[in-house]
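*Asks:* Handing you this structure, nothing more for now.
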Amino acid sequence: MNKVDGRTRVCGIIANPVEHTLSPILHNALAQELGHNLIYVPFKPEAAGLEAAVKGAFALNILGLNVSVPYKQEVLKSLAAVDEGAKAIGAVNTLVRTDSGYMGYNTDYLGLRRAFEEEKIALEGQEVIVFGAGGASKAVTYLCCKEGAKKVYLLNRTREKAEEIAKALNGTFQRDCVCAMQLAEYREIPYQEKRYLAIQTSSMGMYPNTEQVILEDREFYRCFHTAFDLIYTPTRTKFIQLAEAAGAKAYHGLKMLLYQGVIAYELWNQIAVPDQVVQKGYQVIEKELQR
Ligand code: ATR
């Protein structure tokens, strides 16, 4: 436990429920490794109290906050400013203190970008298949467009939600990048072995529903050269198993979680977290998951 004294800076996470978050474990480990006098704690406001919570946090001189489900959109109206990426995505997960209030960022997409860089997963010129059109999907699809993906097939059970994201992002980037489709129409995507980067953003397959997978057709997985599942509980989802069995390289979402946190920590403290500290943070959350 980090020592708390009169100079301790406080950061935290706002979510409801908040009990299962790994963020306090990660951020307190980073602070400890870096010798920072900083603690990170969970906050669980009710929806009706969200605005008061953010105002109160600012009044209490809280340095920074993460925001998670269900408040990533709702919190926007309590902010003094919003970063360009977060604005385009329409969701923030990190609040950084400024003189006039908190500025909102979306380190989910920045975290995914850094995870991709580390794994040498390129987006420029790629054809990407994104599964799911919920909150996480918009950050992922935004990143794909921003980094110059040639085409993103956005597949969702509810077509309208995919269409909404496609319309917004094709407008933002002024090109026909995102093609919204109903999940069941996946066979309309040109079939070619090892052609696509596939990114799974839905909650299907997440603990305890580990037998679920968004797409059962084993044959179609042969189209993927790389598969990335945002889920990290478990780290080997059925999606990852099917992708690997079909010959794709496959990655789980723990690095994205790690880097969204690391980038938030960097924004709050205006530093670059050294690599060996990042590795330590990864070990700590990995170990926590095994508990
Ligand atoms: P998050 O914010 O974490 O992305 P979400 O907004 O609840 O989570 O989105 C969950 C995603 O999983 C959605 O794309 C959802 O599809 P719908 O938009 O059609 O609801 C998808 N999903 C959840 N259960 C599913 C199921 N049984 N079959 C197909 N897709 C499912």
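*Asks:* How about segment 186-195: which of its residues are of a type outside the set (Lys, Arg) and part of a loop (DSSP other than H, G, I, E, B)?
*Replies:* 189, 190, 191, 192, 193
*Asks:* Please indicate, with yes or no, whether at least one residue in segment 239-261 is closer than 30 Å to residue 62 by Cα and either modelled with pLDDT under 95 or polar (S, T, N, Q) (or both).
*Replies:* Within segment 239-261, one or more residues are closer than 30 Å to residue 62 by Cα and either modelled with pLDDT under 95 or polar (S, T, N, Q) (or both).
*Asks:* For a quick check of your reading of the model, give me the residue pairs whose first member lies in segment 155-176 and is touching a residue at least 40 places away in the same chain (Cβ under 8 Å), whose second is hydrophobic (A, V, I, L, M, F, W, C) and away from the ligand (no atom under 15 Å from the Cβ), with beta-carbon atoms closer than 6 Å and at least 6 apart or on different chains.
*Replies:* Every condition considered, the pairs that remain are 169/145; 172/88.
*Asks:* Count, please, the residues in segment 224-248 that happen to be surrounded by fewer than 21 Cβ atoms within 10 Å (Cβ to Cβ) and touching a residue at least 60 places away in the same chain (Cβ under 8 Å).
*Replies:* Final tally of qualifying residues: 0.
*Asks:* Only one of 133, 86, 91 is under 17 Å from residue 165 (Cα atoms) and in contact with a Phe, Trp or Tyr (Cβ under 6 Å, 6 or more places away or on another chain). Can you tell me which?
*Replies:* The match here is 86.
*Asks:* Would you mind stating whether residue 109 is hydroxyl-bearing (Ser, Thr, Tyr) and over 29 Å from residue 79 (Cβ atoms)?
*Replies:* So residue 109 fails the test.
*Asks:* Just to be sure, is residue 198 closer than 25 Å to residue 254 by Cβ, under 22 Å from the mean Cα position of the chain (by Cα), in a loop (DSSP other than H, G, I, E, B) and more than 10 Å from the ligand (Cβ to nearest atom)?
*Replies:* So residue 198 fails the test.
*Asks:* Out of all the residues in segment 166-189, is one or more touching a Ser or Thr at 6+ places or on another chain (Cβ under 9 Å) and charged (D, E, K, R)?
*Replies:* No, segment 166-189 has no match at all.
*Asks:* Answer yes or no: is there a residue in segment 205-216 that is polar (S, T, N, Q), closer than 30 Å to residue 39 by Cβ and either surrounded by 22 or more Cβ atoms within 10 Å (Cβ to Cβ) or free of Cβ contacts under 8 Å to residues at least 24 places away in the same chain (or both).
*Replies:* no
*Asks:* May I pose another question? Do we have any residue at all in segment 151-171 that's touching a helix residue (DSSP H, G or I) at 6+ places or on another chain (Cβ under 6 Å) and more than 22 Å from residue 231 (Cα to Cα)?
*Replies:* Taking every residue of segment 151-171 in turn, at least one turns out to be touching a helix residue (DSSP H, G or I) at 6+ places or on another chain (Cβ under 6 Å) and more than 22 Å from residue 231 (Cα to Cα).
*Asks:* Please specify each residue of segment 130-185 satisfying the condition of being over 22 Å from residue 111 (Cβ atoms), assigned to a loop (DSSP other than H, G, I, E, B) and within 12 Å of the ligand (Cβ to nearest atom).
*Replies:* 157, 158
*Asks:* Follow-up question, since we're still on this one. If residue 222 satisfies every condition in (1) part of a loop (DSSP other than H, G, I, E, B); (2) away from the ligand (no atom under 16 Å from the Cβ) but one, which is the exception?
*Replies:* (1)
*Asks:* Answer with yes or no whether residue 86 is closer than 30 Å to residue 59 by Cα and surrounded by fewer than 17 Cβ atoms within 10 Å (Cβ to Cβ).
*Replies:* When the stated conditions are applied, residue 86 does not pass them.
*Asks:* Considering 53, 81, 86, 57, which residue is in contact with a strand residue (DSSP E or B) (Cβ under 8 Å, 6 or more places away or on another chain) and within 16 Å of the ligand (Cβ to nearest atom)?
*Replies:* Unique residue meeting the criteria: 86.
*Asks:* Kindly establish whether residue 74 is at pLDDT 95 or above, within 30 Å of residue 216 (Cα to Cα) and surrounded by fewer than 20 Cβ atoms within 10 Å (Cβ to Cβ).
*Replies:* no
*Asks:* Any chance you could count how many residues in segment 177-204 are touching a residue at least 60 places away in the same chain (Cβ under 8 Å) and hydroxyl-bearing (Ser, Thr, Tyr)?
*Replies:* Qualifying residue count, segment 177-204: 4.
*Asks:* Further question: For the structure I just gave you, tell me whether residue 210 is assigned to a loop (DSSP other than H, G, I, E, B), within 16 Å of the ligand (Cβ to nearest atom) and under 22 Å from the mean Cα position of the chain (by Cα).
*Replies:* yes
The values are calculated or read from the model by the stated rules, or taken from the named source; none is laboratory data. This one's a predicted model, so the numbers in the text were calculated from it and none came from an experiment. Reconstructed Cβ throughout: ideal geometry from the backbone, glycine too, with neighbour counts over all protein chains shown.
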